[in-house]
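See structure below.
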Amino acid sequence: MSTLSIINVKKRYGPVEVLKGIDIDVKDGEFLILVGPSGCGKSTLLNMIAGLDTITSGEIAIGGRVVNDLSPKDRDIAMVFQSYALYPNMTVRNNISFGLKIRKIPKGKQEETVNRVAKLLQIEALLDRMPSQLSGGQRQRVAMGRALARDPALFLFDEPLSNLDAKLRVEMRAEIKLLHDRLGATIVYVTHDQIEAMTLGDRIAVMKGGEVHQLATPQEVYDDPADLFVAGFIGSPPMNLVRAPVAHKNGKVGVNLHDGGETFFLAAPDAVQNGLSAWNGSEVVVGIRPEQITDDLARGHERSDRIKRRAKVDVVHPTGPDTLVLIQLNDTPVTCRVHPETRVQSGDNADLMFDLSKLVFFDPDKETRIR
Amino acid sequence: MTTATSASGLDRPRKRFADYLETALPKIVLGPTLLIALFFIYGFIIWTGWLSFTDSRLLPRYELAGFVQYVTLFENERWWTALRNLGIFGGLFILVCLVVGLLLAILLDQRIRAEGILRAVYLYPMALSFIVTGTAWRWILNPGLGLQNLIRQMGFESFTFDWIVTPGMSIYTVVIAGAWQSTGFVMALFLAGLRGVDDAIIKAAQVDGASPTRIYTSIIIPSLRPVFFSALIILSHIAIKSFDLVMALTGGGPGFSSDLPATFMYTFAFNRNQIGLGAASAIIMLMTVVAIIVPLMYSETRRGHLGR
């Protein structure tokens, strides 16, 4: 059983509290992502799981065993680093077998393991080279091979793809995912890249300022963000967040928006009708994803939860699969994602379709979700 | 500006004098240095080499006399003493500097407080000239003035430390003074090397289960290979051309028991009017340096070529 429990873990450097009570449970075989902006404490948390950093209070248990007082080597973990951290004076073969040699595993077994891992990662041809003779992607594979050779209860990845170029990053991402499916290993993976988080994770812990803001599956985090920070952090281009006054129309609660001219009303989804009605008359932040403001071509025709509005286009960014269109709503720039065959140009007035079923609302001061 | 018309019919401005100057500037700046180096270093090496094949005494004579000076040199007992001393001094000096320097660097690398001050303290002897080091240590090691006297005054009447006046031991005092001066420098080299080791490598080794000693012996020290190489080159050339330290510390004495090839060369070329013999000993020293450094350079640069 390779589970990981993090129970009310805190970390303090002098007067600065870096981690403010983290609670995470990772199931056997689960792929957990820790994601957040720099300085959110995600790498500190990973180092504490590894035993490279001490915990101020709380408990960390790996496989049902509290490891607070164990050194890294006794925690049954393996780690992959951002800078690969290959031993520069050893061949690839010795890099992979170093951990086994330290653990006094018999020579024959070591060789067998190295060959198995090399085959799995397709680095057999590189075994006798030095790390300095390898490209970034190859180094990354060797670093993963070193972790795999140990066959630990828990794999820790510390931003392993950040040093690779964009194309290689996508390739390695797919490979890590495949590897996880094949090995069924328990993995904790730190990244600041929200695309990596979305594509790789079984669950994502979105962190900021030493706290977990949301711990859920990627789709939940995307569709149902817990607060304003998560809503703004996950998604690319990010969710549009617009301040708007709450109003009533036709017996429904919603928000009023304007694009400099005519005001129009967006009704809230049924599930938040109750929650939002308490805010009648005051301002809230309304969140709407770019793909929920689109055009006829991409989204079909008007339905009860979709309304069509004309808006003035400020800027057009073609990206290939989509064209991103910037408009102004309540004096805030708002990104819309339209079909590239819709030939809009800046300065035009375009017909846009607002999908209201996934609107989310936030308390503008406490930044919490209004439900 | 004069312009011409190019084959494509577009304007093509001509190169001007300033542009020529810009491309030639590196050559103009480096030229004099190159000429001076060629004349004063390589020219004089050739001159010395020529003299070593003549029977010049007080003044240079240019008729070749074959290997007569080299034969005389290797029949001279004092030259053999100088060579033996160079072996003892060079070997011990390099070994002590490397071992103590590495040890100090590892200890300083443990993120201790006041590291800046300590580093300066260890590095400071390097700021002194060998003459000053030699003079200071001559007083410290003098049995009647220095260490021996001090400890005897403290009540240890039978304490003896008189290497500097004992013929078989005086060369070891040169090792002490030389190592004292150069260890800090080697430490600084190693410290820079240690600082260049990625923290993540150490973390990875910890996760792999290596003990701190094992991390140093298996990973960090082997990865300092280029630093060892630089230190070795610098120390061995200091050792071979060592002259001022011996002159100030022991003057080659007692007798000629702490002579080194450099002091031998000076004594014969300028005090005893044997320019030919001095030149021959100088050429032997040059050959020694070449014999050590060329293979080292060759193996190191070849490794570099393979993409270290």
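Tabulated data
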| read-out | value |
| --- | --- |
| Subset of the range A:13-53 (residues that are of a type in the set (Gly, Ala, Ser), assigned to a loop (DSSP other than H, G, I, E, B) and surrounded by 21 or more Cβ atoms within 10 Å (Cβ to Cβ)) | A:GLY36, A:GLY41, A:GLY51 |
| Top-ranked residue of the range A:82-119 - restricted to ones that are among the aromatic types (Phe, Trp, Tyr) and outside any helix (DSSP H, G or I), ranked as nearest to the other protein chains (Cβ to nearest Cβ) | A:TYR87 |
| Residues of the range A:303-324 satisfying the condition of being surrounded by 14 or more Cβ atoms within 10 Å (Cβ to Cβ) and within 25 Å of the chain's Cα centre (by Cα) | A:ASP322, A:THR323, A:LEU324 |
| Single residue of B:ALA177, B:ALA231, B:ALA204, B:ALA239 found to be within 14 Å of chain A (Cβ to nearest Cβ) and at pLDDT 85 or above | B:ALA204 |
| Those residues of the range A:54-81 which are within 12 Å of chain B (Cβ to nearest Cβ) and either of a type in the set (A, V, I, L, M) or buried (at least 18 other Cβ atoms within 10 Å of the Cβ) (or both), in sequence order | A:LEU70, A:PRO72, A:LYS73, A:ARG75, A:ILE77, A:ALA78, A:MET79, A:VAL80, A:PHE81 |
| Selection status of A:PRO245, more than 30 Å from A:TYR189 (Cα to Cα) and either without any contact (Cβ under 8 Å) to a residue 24 or more places away in the chain or touching a strand residue (DSSP E or B) at 6+ places or on another chain (Cβ under 9 Å) (or both) | yes |
| From B:THR81, B:THR48, residue being among the β-branched types (Val, Ile, Thr), open to solvent by less than 50 Å² (accessible area, probe 1.4 Å), in the same structural domain as B:PHE190 (by TED's automatic domain parsing) and modelled with pLDDT of 85 or more | B:THR81 |
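The values are calculated or read from the model by the stated rules, or taken from the named source; none is laboratory data. Keep in mind that this is a model prediction, so the values were computed, not measured. Neighbour counts run over all protein chains shown; Cβ positions are idealised from the backbone, glycine included. The accessibility values were calculated without ligands, DNA or RNA, using every heavy atom of the protein model including side chains. Shrake-Rupley method; radii C 1.70, N 1.55, O 1.52, S 1.80 Å.
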